[in-house]
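Inspection log for the structure reproduced underneath, given as structure tokens.
The values are calculated or read from the model by the stated rules, or taken from the named source; none is laboratory data. Please read all numbers here as calculations on a predicted model, not as lab measurements. Cβ: placed from backbone, ideal geometry, glycine included. Neighbour counts: every protein chain shown.
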Amino acid sequence: MIYLSQALSGFVVAVIVGLTGVGGGSLMTPVLVLLFGIHPATAVGTDLLHAAITKSGGTYVHAKKGRVDWRITGLLAAGSLPSAVMTLVAEHHFTVEGFRDSKIITTTLGVALLLTAASLVFRIRLLRFSRAHDPETPRHPLLTILTGAILGCVVSLSSVGAGAIGVTALLFLYPRLPASRIVASDLAHAVPLTAVAGLGHWLLGTINWPLLGCLLIGSLPGIYCGSHLSGRVPDKILRSLLALILVLVGGKLVAF
């Protein structure tokens, strides 16, 4: 029964992702921690590999249609991949030294969820502000690398941030770039980031393989259904409701 409920959770979360485009980690990791009682480190590690697999298909489609800006993806990866490795090394060190890292992870996860909710609510306003103050010369590439470094740390600890937070940051850095290219470039960056972070968690022994299989069984048809339902429900209502859920869950995790 537990495996069926995990697969069902994967399906429901994937449908929501298909409807809203918000990264599955924002919902799946809290579900694993709060609903199924999975250890935070295991929940994060398992969801990272789950994200790497599911997002690979989306990246392939976007790349085939020429939507990915590989320069932006490369700059993000230049910051995020070393940051992810260093974060995992630090996490391993604290674990070896006997510290309980679950509080660090749940707090980081809660804060990341609150930031994700804020990005959903204020994304349009931020885009308008960025376009109104768009400099004549492009913003320095180091800002994109720094953004990647921050995402690498947050994603490695919480599995959240590669989607909504990453897209919002890119909209601010590249306000004149079409939204479809922003989303595609962020998605392409999320694949190596979640893969490296997920493999790091594998080395740390924080991957639950049966759980990963159950999530994939549910999420693959779920993302298909959600994508087809997209547009039939008002986007503003969906995002507002999702932001409210993320605020409630994020607050609970911070106090967890």
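Restricting to the range 87-100, name every residue that is more than 25 Å from Leu173 (Cα to Cα) and either modelled with pLDDT of 90 or more or not aromatic (Phe, Trp, Tyr) (or both).
Hits for the range 87-100 are Leu88, Val89, Ala90, Glu91, His92, His93, Thr95, Val96, Glu97, Gly98, Arg100.
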Exercise. Quick one: is Ile53 modelled with pLDDT of 80 or more, of a type outside the set (Lys, Arg) and surrounded by fewer than 19 Cβ atoms within 10 Å (Cβ to Cβ)?
Worked result: yes
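Of the residues in the range 220-237, how many are assigned to a helix (DSSP H, G or I) and either at pLDDT 70 or above or surrounded by fewer than 16 Cβ atoms within 10 Å (Cβ to Cβ) (or both)? So that I can check it myself, show each step before the final result.
The first filter runs over the range 220-237 and keeps only residues assigned to a helix (DSSP H, G or I), leaving 220-229, 235-237.
Subsequent filtering for residues that are either at pLDDT 70 or above or surrounded by fewer than 16 Cβ atoms within 10 Å (Cβ to Cβ) (or both) retains 220-226, 228-229, 235-237.
Residues flagged as assigned to a helix (DSSP H, G or I) and either at pLDDT 70 or above or surrounded by fewer than 16 Cβ atoms within 10 Å (Cβ to Cβ) (or both) within the range 220-237 amount to 12.
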For this session: Say whether the condition of being in a helix (DSSP H, G or I), closer than 22 Å to Phe122 by Cα and without any contact (Cβ under 8 Å) to a residue 24 or more places away in the chain is met by at least one residue in the range 156-176.
Result: yes
For this session: Being over 22 Å from Val17 (Cα atoms) and among the aliphatic types (A, V, I, L, M) narrows it down to one of Val121, Val89, Val61, so name that one.
Result: Val89
Problem set entry | Unmet requirement for Lys55, which otherwise passes all of (1) within 30 Å of Ser240 (Cβ to Cβ); (2) not in a helix (DSSP H, G or I) | (2)
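Does Ala188 meet the test of being closer than 25 Å to Leu115 by Cα and free of Cβ contacts under 8 Å to residues at least 40 places away in the same chain?
No.
Can you tell me how many residues in the range 45-69 are among the basic types (Lys, Arg), more than 19 Å from Trp202 (Cα to Cα) and touching a helix residue (DSSP H, G or I) at 6+ places or on another chain (Cβ under 9 Å)? Don't jump to the end; show me each part of the working.
Of the range 45-69, the ones among the basic types (Lys, Arg) are 55, 64-65, 67.
With more than 19 Å from Trp202 (Cα to Cα) added as a condition, the list becomes 64-65, 67.
Pick out the ones that are also touching a helix residue (DSSP H, G or I) at 6+ places or on another chain (Cβ under 9 Å) and you get 65, 67.
Selection size over the range 45-69: 2.
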Problem set entry | Leu127 being in a helix (DSSP H, G or I) and either charged (D, E, K, R) or modelled with pLDDT under 80 (or both) | yes
Exercise. Does Ala84 qualify as being farther than 22 Å from Ala197 by Cα and assigned to a helix (DSSP H, G or I)?
Worked result: no
Exercise. For the subset of the range 130-156 comprising residues that are in contact with a helix residue (DSSP H, G or I) (Cβ under 8 Å, 6 or more places away or on another chain) and modelled with pLDDT under 80, which member is surrounded by the most Cβ atoms within 10 Å (Cβ to Cβ)?
Worked result: Ser130
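Being modelled with pLDDT of 90 or more and outside any helix (DSSP H, G or I) narrows it down to one residue among Ile207, Ile217; which is it?
Values: Ile217 fails: outside any helix (DSSP H, G or I).
Ile207 is the lone residue from the list that is modelled with pLDDT of 90 or more and outside any helix (DSSP H, G or I).
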